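The values are calculated or read from the model by the stated rules, or taken from the named source; none is laboratory data. For clarity, every value in this text was computed on a predicted model and none was experimentally measured. All Cβ positions, glycine included, derive from the backbone under ideal geometry; neighbour counts span all protein chains shown. Side chains included, ligands, DNA and RNA excluded: accessible areas come from the protein's heavy atoms. Shrake-Rupley method; radii C 1.70, N 1.55, O 1.52, S 1.80 Å.
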Amino acid sequence: MAASATTTTTTLRLFAHLHVFLFFFLSFAAAADNSASKTPACRNITQRVLVKKWVDGSEAEALEGLSAQFGSFLPSQEDKALKLPAIFANPLNCCSSSSSKLSNSIALSMRGDCDFTVKAEVAQSGGASGLLVINDAEDINSAMSCYGNDTSLNVTIPVVMIAKSSGEVIKKLFEAGRKVELLLYSPDSPLVDLSEFFLWMMAVGTIILASIWSEFIACEQNNDPYNQLIPKDSSNGGTADSEREIFDINVMGAVIFVITASTFLLLLYYFLSSWFVWVLIVLFCIGGIEGMHTFIVTLIFRICRNCGRKSVNLPILGETSILSIAILPFCVALAIFWAANQHASYAWIFQDALGICLMITVLQVARLPNIKVASVLLCCAFVYDIFWVFVSPYFFGESVMIAVARGDSRSGESIPMLLKFPRVFDPWGGYSMIGFGDILFPGLLVSFTFRYDRSNKKGIVNGYFLWSTIGYGIGLLITYLGLYLMNGNGQPALLYLVPCTLGTVVVLSLCRGELGHLWNYGSSSSESSGAV
């Protein structure tokens with residue numbers, strides 16, 4: 001009976017965390033369309049444009065746009081750009097001479113009915129100093145190009161496209177009789193932003209904390225620190241590992257996981273919608289609640305061993321700590337607050353807190369038993385990441401990974417399985433981000449090296465934990481370098497992280513003559529009650 005109860009609890013735990021592993025692969029990156037021009041007169045490379053806005057003299061929220069492949073370039077500094085009144089062309093399509101006075105203004109027109117070049121020439125002939133084209137959709141990544149064989153195009157004003165929703169905001173201001181002024185410029189992003197340093201610290205810190213958690217934080221606890229609200233087996237018939245519900249990932253499980261992740265990624269790509277994203281948000285909240293609950297309760301018990309030892313007997317749950325029950329509503333409230341305010345400027349703090357607690361818990365539940373399984377899992381993840389970022393455009397017309405990472409553009413909802421930090425010095429704002437998979441996959445290996453070092457009584461220098469952690473930190477820095485060299489286009493982070501972590505351990509163990517021991521470590525005697 002004890003073995004049966006342990007198996008049931010183990011199955012419940014595996015099911016509770018399965019949704020986390022399905023999202024390891026997710027990471028965010030931005031992609032820009034800098035396609036070549038279609039005629040010799042269209043040689044401009046498209047630029048991201050910042051549209052600053054003033055309403056009745058008061059500065060309002062800025063908009064973003066994309067420049068055309070023709071027309072003049074915009075300055076990169078705000079003080080070199082002109083603030084001009086905005087005027088809608090009449091007719092709105094700007095396909096024929098406007099009855100509105102466009103002189104010394106930025107003309108606004110709707111997309112459609114004629115070529116972009118025609119709109120630009122009409123606005124320029126009317127004396128406009130720039131043209132803002134309002135798209136008929138939210139996506140503005142499609143470049144405004146020239147069509148036909150006209151090589152005599154002579155557009156000397158900047159032409160910029162903005163999203164449909166941005167145009168509607170300006171339209172409503174005009175309908176309300178407000179005066180709108182605009183300033184167009186294309187600022188450069190800083191080569192390095194402080195946000196990336198903090199994100200690097202969070203990622204490396206999460207892996208280190210997860211690795212040492214069981215040994216130094218959750219040690220010397222008689223109760224199960226991994227889930228205070230799961231029914232306990234009173235007979236205590238299992239081993240220490242079974243009580244902690246730890247799962248060793250095997251070779252077959254590693255391969256099946258990558259196949260499952262690929263299937264799930266394709267489902268997201270073809271069927272991604274607002275409701276689908278909200279399903280993932282709910283799953284993230286459930287995992288985040290469990291992770292934060294475990295994190296807080298474990299820390300309290302570690303700081304004060306006699307705190308919260310009182311328990312009550314609850315239906316289904318059985319004997320449960322009062323402290324555990326008291327902490328749960330706080331975790332639930334925080335997750336609900338984040339979900340309701342996830343678009344607020346401060347929401348990233350709560351998302352990161354939930355995400356870090358979730359990843360620490362997952363790295364306690366799942367583990368790699370040896371380097372053989374680590375090599376299979378990380379090499380499969382390595383190929384997986386490269387294929388869905390770099391190779392998938394040849395089959396699907398775009399990067400499947402990046403398309404999924406953008407989320408649902410119609411509702412503005414995005415998949416929350418990532419850590420992010422607001423960019424500090426970037427005039428574009430936005431966030432630096434890293435997906436959970438880029439932390440969890442290498443984190444499984446780093447956690448294994450820590451356990452191996454402790455079991456074999458290895459020191460910091462002659463062990464593997466320190467070097468695998470340094471390898472992860474260097475790999476993450478190389479990932480950022482790759483983003484800069486590729487002009488911010490999406491990069492498969494595991495392309496750099498896997499060689500820097502797994503490669504470090506393999507090469508170091510070869511030099512020490514210990515690869516054979518690491519490769520088959522733990523195979524003679526199972527250290528876990530279950531396998532994934």
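Before moving on, here are some points about what is shown:
Residues are listed down the side, and each one gets a yes or a no for (1) modelled with pLDDT under 85; (2) over 23 Å from Ser447 (Cα atoms); (3) charged (D, E, K, R):
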{"site": "Ser234", "(1), (2), (3)": "yes, yes, no"}
{"site": "Thr239", "(1), (2), (3)": "yes, no, no"}
{"site": "Gly288", "(1), (2), (3)": "no, no, no"}
{"site": "Gly291", "(1), (2), (3)": "no, no, no"}
{"site": "Leu299", "(1), (2), (3)": "no, no, no"}
{"site": "Arg305", "(1), (2), (3)": "yes, yes, yes"}
{"site": "Cys331", "(1), (2), (3)": "no, yes, no"}
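- Residue in the range 140-152 that is at pLDDT 85 or above, in contact with a strand residue (DSSP E or B) (Cβ under 6 Å, 6 or more places away or on another chain), closer than 23 Å to Ile45 by Cα and in a loop (DSSP other than H, G, I, E, B) present: no
- Some residue of the range 198-211 being surrounded by 17 or more Cβ atoms within 10 Å (Cβ to Cβ), touching a helix residue (DSSP H, G or I) at 6+ places or on another chain (Cβ under 9 Å), in a helix (DSSP H, G or I) and at pLDDT below 90: no
- Close pairs from the range 97-116: first within 23 Å of Lys83 (Cβ to Cβ), partner polar (S, T, N, Q), Cβ under 7 Å, at least 6 apart: Ser98/Asn90; Ser100/Asn90; Asn104/Ser129; Ser105/Ser129; Ile106/Ser129; Ser109/Asn93
- Checking each residue in the range 241-271 for being of a type outside the set (Lys, Arg), more than 19 Å from Phe387 (Cβ to Cβ), at pLDDT below 85 and surrounded by 13 or more Cβ atoms within 10 Å (Cβ to Cβ) picks out Asp241, Ser242, Glu243, Glu245, Ile246, Phe247, Asp248.
- Residues of the range 53-76 that are on the phi < 0 side of the Ramachandran plot and loosely packed, with under 11 Cβ neighbours inside 10 Å: Ser58, Glu61.
- Any hit, the range 387-409, residues being acidic (Asp, Glu), crowded, with 20+ Cβ neighbours inside 10 Å and either modelled with pLDDT of 85 or more or under 20 Å from the mean Cα position of the chain (by Cα) (or both): no
- When Leu502 is tested against (1) surrounded by fewer than 22 Cβ atoms within 10 Å (Cβ to Cβ); (2) modelled with pLDDT of 95 or more, just one condition goes unmet, and that condition is (1).
- Enumeration of residues in the range 335-365 that are over 30 Å from Leu445 (Cα atoms), at pLDDT 90 or above and open to solvent by 30 Å² or more (accessible area, probe 1.4 Å): Ile336, Phe337, Ala340, Asn341, Tyr346
- Qualifying residue in the range 154-173 (condition: over 17 Å from Thr46 (Cα atoms), part of a loop (DSSP other than H, G, I, E, B) and not aromatic (Phe, Trp, Tyr)): yes
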